[in-house]
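The values are calculated or read from the model by the stated rules, or taken from the named source; none is laboratory data. Treat the numbers as computed from the prediction; the structure is a model and nothing was measured. Backbone-built Cβ (ideal geometry, glycine too); neighbour counts: all protein chains shown. Accessible surface areas use protein heavy atoms only, side chains included; no ligands, DNA or RNA. Shrake-Rupley method; radii C 1.70, N 1.55, O 1.52, S 1.80 Å.
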Amino acid sequence: MTERIEGHGGELALAALRAHGVREMFTLSGGHVFPLYDAAHKNDFPIYDVRHEQSAVFAAEAVAKLQRRPGLAVLTAGPGVTNGISGMTSAFFNASPVLVLGGRAPAFRWGSGSLQEMDHLPLVAPVTKHAETVFSTDDIPRAVGAALTAALTPHRGPAFLDFPLETVFSVAEVELPAVAGVDPVVPDPDEVGRAALLIAAAQRPVIIAGSDVYAGDAVAALREAAEALQVPVFTNGMGRGSLPPEHPLSFAKARRAALSGADVVVVVGTPLDFRLSFGDFGDAKVVHIVDAPSQRAAHVQPAAAPAGDLRLILSALADHSGDRADHSDWIADLRTAEDAAKARDAKEMAAETDPIRPARIYGELRRVLARDAITIGDGGDFVSYAGRYLEPAQPGTWLDPGPYGCLGTGMGYAMGARVSHPDRQICVLMGDGAAGFSLMDVESLVRQKLPVVIVVGNNGIWGLEKHPMRAMYGYDVAADLQPELRYDTVVSALGGAGETVAKAADLGPALQRAFDSGVPYLVNVLTDPTDAYPRSSNLA
Ligand SMILES: Cc1ncc(C[n+]2csc(CCOP(=O)(O)OP(=O)(O)O)c2C)c(N)n1
Ligand SMILES: [Mg+2]
């Protein structure tokens, strides 16, 4: 049934947004988008505002990632939109269904030099799935629907619309178009069958499951496939926690042993990029399972590459009825490697060093974090350690910046996470360098009563750059920050609270106070600047 509505452009946009399941907007004020605010204000549609547009887009992305529904950022014309471009690009790399609505200088005097007059489309088109200027008020609901359908169609991603001033301020009466559902991409059954045969016949198979497994709601199907075929599972991105850590097929630490020993590597829902050695696993055959044909890698020739709805593909693998090799020795070997690595990690996480090493922070955090806590990484080495030492127990609880690797997600992701999960622990793990990009948005969190805990690994340097530069050149430049800076008092000044911790024994009580405080709270941990995350490639 269609609905006839009359209103200004903001009201027409809001009606379409609501019909598509959008439930809030993140924004920073600008006159070009006032009608969108007017519509939201009059219709009790929540507005969260920020101090830099990057945080609005990152907040929308966190909503999209965590809740698997569209997130919305509203940005004013010109600089509002350009400040949001790193966020849009991150959403593009992460396949996050984010809709950005931009203001735009009036079309009727385009070229005369209006304030903030700028054609955004050539800038945003390469990093969005749909980018369009809506020139007519009565076309707004259609355009919003088309943008959201594009964003939600696998392979998902951001979409952008801008509204010339007169389009969004004028009034029209229109029929609200029906919401177009997104049809699942049906995989080629022969390709799925080939993948099933390869995995079933493998002696030493491994699955690596990434973000699209969570985004595509295929977590249960992944587990069924892994259990049916008895394949060890590693994860990355939003795929982390897909199998609970105590599951017999859940692995995290034995990655090197797994990838060097495997004869078939099955990569599901994540690209064959630098995080997975570009899909080169020595002699192992690669099965790449993707949610859309566009995601097949051009630089690798997989033995099979089924493309389509991940639930359908993984369920079909689970239903494979033919013979299969016994993998129990392989699983037992990996479990031995996993347990040994875990024991090493446990030692590091308990180490009583002065100054504190990052590992100890994670050891203490693991004691206070609930299973459903949302952890967010924004930084260099400090976040690499988070990836290594934190073990998400549930899917949809770990937010990293993804392969675009953009610093500055911290406060925006925290806002989106808090809005998504009002009752959970939200914990941002932040480098002191990363803190510079978004810490001012603590003010937005305080003012809008959105408490989060921020743990800063304060080594006084851009660690992930300083150590590699020294290794490469024997010296470093542009890699130092003020040592022992009081980021906690910055947060206190903004209306939150915090404290500085210099001794390992003080970490636990400080973290407890942070989670009990009910306000944005920053635990500023002074860490060892000589500690460098061990990595094979030093370029980040
Ligand atoms: C927007 C952006 N600028 C620069 C970089 C390059 N970069 C990656 S990690 C890093 C250092 C981060 O330092 P910090 O947050 O203090 O964490 P640490 O490595 O010291 O633990 C830099 C500058 C980036 N990834 N993103
Ligand atoms: Mg640092």
* Structure fact -> Ranking A346, A493, L123 by how far each Cα lies towards the positive end of the charge dipole of the chain (+1 on Lys and Arg Cβ, -1 on Asp and Glu Cβ), the top one is A346
* Asked: In whole angstrom, how far apart do the alpha carbon centroids of region 266-321 and region 358-424 sit?
  -> 26
* Run down the lysines and flag those whose C-alpha is under 24 Å from the C-alpha of K253, throwing out any fewer than 8 positions away in its chain. => K285, K342, K347
* First measure r as the distance between the Cβ atoms of V179 and A346, then evaluate 1/(1 + (r/R0)^6) with R0 = 30 Å and state the FRET efficiency to the nearest 0.05. => 0.05
* Please report, as a whole percent, how much of the solvent-accessible surface of the chain comes from carbon and sulfur atoms (probe radius 1.4 Å). => 53
* Asked: How many percent of Cα pairs in region 113-251 exceed 19 Å?
  -> 67
* Partner aspartates and glutamates for K466 [C-alpha distance under 16 Å; skip if fewer than 8 residues away on the same chain] -> D381, D432, D476, D480, D528, D531
* To do: Do me a favour and compute the ellipsoid semi-axes for region 228-271 from its Cα gyration tensor, root of five times each eigenvalue, largest one first, whole Å.
  => 15, 13, 11
* Value of Rg to Rh for region 1-93 (Rh from inverse mean 1/r over Cα pairs, i.e. Kirkwood) -> 0.97
* **Hull volume in cubic angstrom per residue (convex hull over the Cα atoms of the chain)** => 152
* Just how far, in whole angstrom, is region 467-502 from region 152-214 if you go by their alpha carbon centroids? -> 40
* Structure fact -> Across 5 Å bins beginning at 0, the whole-percent shares of Cα-Cα pair distances in region 1-160 come to 2, 10, 20, 24, 23, 14, 6, 1, 0
* Asked: So what is the diffusion coefficient of region 316-370 in µm² per second by Stokes-Einstein at 37 °C and 0.692 mPa s, using a Kirkwood Rh over Cα pairs?
  -> 228
* Asked: Any idea what Rg and Dmax come out to for region 351-526 if you just take the C-alpha atoms, in Å?
  -> 15.2, 48
* **Cα pair distances of region 195-344 binned at 10 Å [whole percent]** => 12, 47, 36, 5, 0
* Structure fact -> Quick calc: nm separation of the 7 Å Cα→Cβ label points for T2 and D280 -> 5.6
* Treating cross-link reach as a plain straight distance, find the aspartates and glutamates whose alpha-carbon is under 12 Å from the alpha-carbon of K65, omitting any fewer than eight places away in the same chain. => D212, D217, D400
* Debye, to nearest 20: dipole size of region 4-175, +1 on Lys, Arg Cβ, -1 on Asp, Glu Cβ -> 620
* To do: With all distinct Cα pairs included, what does the Kirkwood hydrodynamic radius of region 303-413 come out to in Å, to one decimal, could you say?
  => 17.5
* GluC sites (Glu not before Pro) within region 1-36: which are DSSP loop residues with at most 15 other Cβ atoms inside 10 Å? -> none
